[in-house]
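Working notes for the structure below.
The values are calculated or read from the model by the stated rules, or taken from the named source; none is laboratory data. Here the structure is a predicted model, which means the values were calculated and not measured. Positions of Cβ are backbone-derived with ideal geometry, glycine not excepted, and every protein chain shown enters the neighbour counts.
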Amino acid sequence: MSEKSKQEILSRIAAVRQIRTAATVVNNFNNEEIYKAILPDKINCFKSELEAISGQCILYNNDIELVEQLKSIIESKKITSIFCKDNKIIELLTKHNIPYTNQDADFEKMEVGITSCEYLIARTGSIIISSDGYSGRKMNVFPPIHIVISTSSQILNYPEDAFLAIKNKYKNSLPSMITTITGPSRTADIEKTLVLGAHGPKELIVFLSNN
């Protein structure tokens with residue numbers, strides 16, 4: 001391109017910029033609620049939202065119920081390889097004779113990964129996880145079945161509540177990864193057909209204390 005042609009193009013662009021006005025859109029919600037209300041309560045709202053996107057939420061009242069329902073899933077799905085690195089969950093599995101492994105050599109053989117989480121979001125049925133926990137990054141994307149053990153004290157109403165809680169918890173030392181998980185991994189890229197487990201766990205099961 002010649003220098004003359006280049007200058008002509010730049011002149012035309014400059015001329016258009018001078019006559020074009022910027023568009024400004026102001027949204028005024030007048031204190032209207034952006035999200036739907038949390039009904040009938042945080043626990044059941046989270047449960048219904050998660051199950052609406054093909055996740056599963058199992059409520060429990062104490063450790064005995066948690067273990068009984070966990071053993072029922074293991075038996076019904078014929079699971080033989082459970083991987084867990086969370087020390088508190090490991091104590092529970094050991095106490096109730098649920099076999100597991102946390103050895104790196106067994107990582108790729110796992111059928112189920114069990115982790116904790118940072119927070120749950122009631123309105124969207126989402127889970128907030130970070131790299132700060134024992135499970136690190138890979139446990140939330142690699143296992144075919146991802147089981148999350150959580151408590152009702154971790155449920156917050158809306159996404160902004162969860163991210164504010166993360167900010168307040170870690171101050172100026174935020175984890176290198178903070179991720180929102182909303183249901184099992186999915187894609188509809190192939191012929192517009194929804195496929196679960198395309199980029200991560202095919203099943204997402206959340207155990208949530210009902211108290």
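Before moving on, here are some points about what is shown:
- Top-ranked residue in region 157-182 [being in contact (Cβ under 8 Å) with a residue 12 or more places away in the chain, in contact with a Leu (Cβ under 8 Å, 6 or more places away or on another chain) and surrounded by fewer than 20 Cβ atoms within 10 Å (Cβ to Cβ); ranked as farthest from Ile90 (Cα to Cα)]: Ala165
- Candidates Asn97, Asn62, Asn44, Asn102: the one that is closer than 29 Å to Ser153 by Cβ, in contact with a Ser or Thr (Cβ under 9 Å, 6 or more places away or on another chain) and modelled with pLDDT of 95 or more is Asn62.
- Of all the numbered requirements in (1) under 23 Å from the mean Cα position of the chain (by Cα); (2) closer than 22 Å to Ser153 by Cα, Glu91 misses one, and that requirement is (1).
- Identity of the residue in region 127-156, outside any loop (DSSP other than H, G, I, E, B), of a type outside the set (A, V, I, L, M, F, W, C) and touching a residue at least 60 places away in the same chain (Cβ under 8 Å), that ends up nearest to Glu49 (Cα to Cα): Ser152
- Residue match in region 139-158 (condition: modelled with pLDDT under 90, closer than 30 Å to Ala37 by Cα and touching a strand residue (DSSP E or B) at 6+ places or on another chain (Cβ under 9 Å)): yes
- Check on Ile121, closer than 15 Å to Leu50 by Cβ and surrounded by 22 or more Cβ atoms within 10 Å (Cβ to Cβ): yes
- Among the candidates Ser126, Ser153, the residue that is more than 13 Å from the chain's Cα centre (by Cα) and closer than 17 Å to Cys45 by Cα is uniquely Ser153.
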